[in-house]
Amino acid sequence: MSRTSHRHDDPGDPDDEGLPGDRPRGILRRIIGGAFSYGVVAIVLVSMFRKLSDASDAGVELAPVTAIEVLVILVLGLINMCTNLPPIMLTLDGLRFREAFVTNTASAALSNTVPEGGAVATGLNFAMLRSWGFTLDRITSSFLTTGIWTNLCRYGLLALGLAVLAATEPVASFVPIAGGVLSVVIVAAVVLLVLALRREAFARRIGAIIGGLLRPVMRILRKPPVDDMDERVDAFRGLVSATVGSRWRALTGAMMLSQFTAFLILGVALRMQGIDQATISWSRIIVAWGSMSLASLIVPTPGGLGVAEATLTAVLGPSVPADQLPNVVTAVLLFRAATWLLPIPIGSMSYLFWRKTDRWRRPPEERYGPDLDLHSAAPTPATGGSSGALSVGGS
């Protein structure tokens, strides 16, 4: 049966190229333009770091970097990209490693270069996965699940790092308080998530509360109230619970590995620059990395550019002597080369590969069978077999 024969009136149906008609356009142009613009900003940041010595006697210039250090950091960056993929595959049944790599790296390149790139990257993710025959409900459930697990694991590690840092090093009085508050928030979020996934009535009650809280906000925005929030939260419960199934342990382990490799890059960069455990401990490294993620979430620049570097330097810098500050700055830039710069060329090639390769494309009926209900609101329950799931946030 022809792949172009499954046409409906929906704007997301395939066009003559076999791609979703409502896919984001001009992706490569946006990536190149954004990379050029923010590449200039990156050069300015390097120049700024070189002049940080105005505040010290020693003078802060970038420490020397060897080719071996660059190679090690880039290899670790590539490994980190690969560890981002198993959580996606665990939540989206049938997604292959190469497909997960293409969609994850292409969206990362877009997020790292384009203002408000996260929204466009999400649209690109959807378009890629739909072109491979995955349905909207399955893609949505994968995005929701991986998003929840990413934040719980990432900020759970941050809370642990704050607790260990407060227990082992002299720190400001707010550090143990922040660690305690974050721990309570994480535990509360886990409890609410478990109750919402297990009990329909509880999920609907939470939805009704959220709807009530949103009502005055929608009134201020002159938008109609969301009166069916209880049904939406219950639908969310069905999507996530059906996606996770009995895989929550594997998903948690895969997500923790992904987060571990992210802050490992920063730690290795610092160690290669001669910063030992006595100067900057691993607990401080975890706190710096987690604080960077949180700051980038609050102040959303493309790929956290500027915000990430400033946060890492602010958390790591005070614990080192003035003569080692250049090494910290260099380690920060090496870390960003692996987590911000490296995904841009790789993701651009992934996008081109997706556009030019049509042998992977298939309609949902071919992937799931002719009896598939394209209007189904919930995915089929996850089984104990192979994996499948959504896009993990960048490092």
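The values are calculated or read from the model by the stated rules, or taken from the named source; none is laboratory data. Nothing here was measured: the structure is a model prediction, and the numbers come from that model. When we count neighbours, we look across all protein chains shown, and the Cβ atoms used for this are built from the backbone with ideal geometry, even at glycine. These area figures cover heavy atoms from the full protein model, side chains too; ligands, DNA and RNA do not enter into them. Shrake-Rupley method; radii C 1.70, N 1.55, O 1.52, S 1.80 Å.
Structure notes:
- Selection within segment 245-265 - under 17 Å from G147 (Cβ atoms) and part of a helix (DSSP H, G or I): W248, L251, T252, A254, M255, M256, S258, Q259, A262
- Enumeration of residues in segment 69-97 that are of a type outside the set (K, R), open to solvent by 30 Å² or more (accessible area, probe 1.4 Å) and either over 22 Å from G133 (Cβ atoms) or part of a loop (DSSP other than H, G, I, E, B) (or both): V70, L71, V72, L74, V75, L76, L78, I79, C82, D93, G94
- Checking each residue of segment 131-139 against the condition of being touching a Pro at 6+ places or on another chain (Cβ under 9 Å), assigned to a helix (DSSP H, G or I) and closer than 22 Å to L257 by Cα gives no match.
- Test result for S350, of a type in the set (S, T, Y), at pLDDT 75 or above and touching a helix residue (DSSP H, G or I) at 6+ places or on another chain (Cβ under 8 Å): yes
- Any hit, segment 289-303, residues being farther than 20 Å from R154 by Cα and under 20 Å from the mean Cα position of the chain (by Cα): no
- All of A100, A42 fail the test of being farther than 23 Å from A322 by Cα, at pLDDT below 70 and in a helix (DSSP H, G or I), apart from A42.
Let's see how each residue does on (1) touching a residue at least 60 places away in the same chain (Cβ under 8 Å); (2) more than 12 Å from the chain's Cα centre (by Cα); (3) open to solvent by less than 20 Å² (accessible area, probe 1.4 Å):
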| site | (1), (2), (3) |
| --- | --- |
| E99 | yes, yes, yes |
| A106 | yes, yes, yes |
| S111 | yes, no, no |
| F126 | yes, yes, no |
| R130 | yes, yes, no |
| G133 | yes, yes, yes |
| I139 | yes, yes, yes |
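- When V190, V175, V233, V268 are checked against the criterion of being open to solvent by 50 Å² or more (accessible area, probe 1.4 Å), part of a helix (DSSP H, G or I) and not acidic (D, E), a single residue qualifies: V190.
- Residues of segment 271-285 that turn out to be in a helix (DSSP H, G or I) and open to solvent by less than 30 Å² (accessible area, probe 1.4 Å), as a count: 2
- Residues considered: A201, A196. Of these, the only one that is out of contact with any Ser or Thr (no Cβ under 6 Å at 6 or more places or on another chain), hydrophobic (A, V, I, L, M, F, W, C) and surrounded by fewer than 21 Cβ atoms within 10 Å (Cβ to Cβ) is A201.
- First in segment 312-329 and within 22 Å of A295 (Cα to Cα), second anywhere and of a type in the set (F, W, Y), Cβ under 8 Å, 6 or more apart: L312/W289; L312/F335; T313/F49; V329/F49
- Only listed residue being open to solvent by 40 Å² or more (accessible area, probe 1.4 Å), touching a residue at least 24 places away in the same chain (Cβ under 8 Å) and either closer than 19 Å to R249 by Cβ or hydroxyl-bearing (S, T, Y) (or both), chosen from T146, T168, T150: T168
- Screening P370, P381, P363 for residues that are modelled with pLDDT under 85 and in contact with a strand residue (DSSP E or B) (Cβ under 8 Å, 6 or more places away or on another chain) leaves exactly one candidate, P363.
- Condition broken by L325, with the remaining ones in (1) part of a helix (DSSP H, G or I); (2) open to solvent by less than 30 Å² (accessible area, probe 1.4 Å); (3) touching a helix residue (DSSP H, G or I) at 6+ places or on another chain (Cβ under 7 Å); (4) not small (G, A, S) satisfied: (2)
- T313, sole failed condition from (1) within 27 Å of L90 (Cβ to Cβ); (2) assigned to a helix (DSSP H, G or I): (1)
- Per-region count, segment 199-227, residues in a helix (DSSP H, G or I) and without any contact (Cβ under 8 Å) to a residue 24 or more places away in the chain: 15
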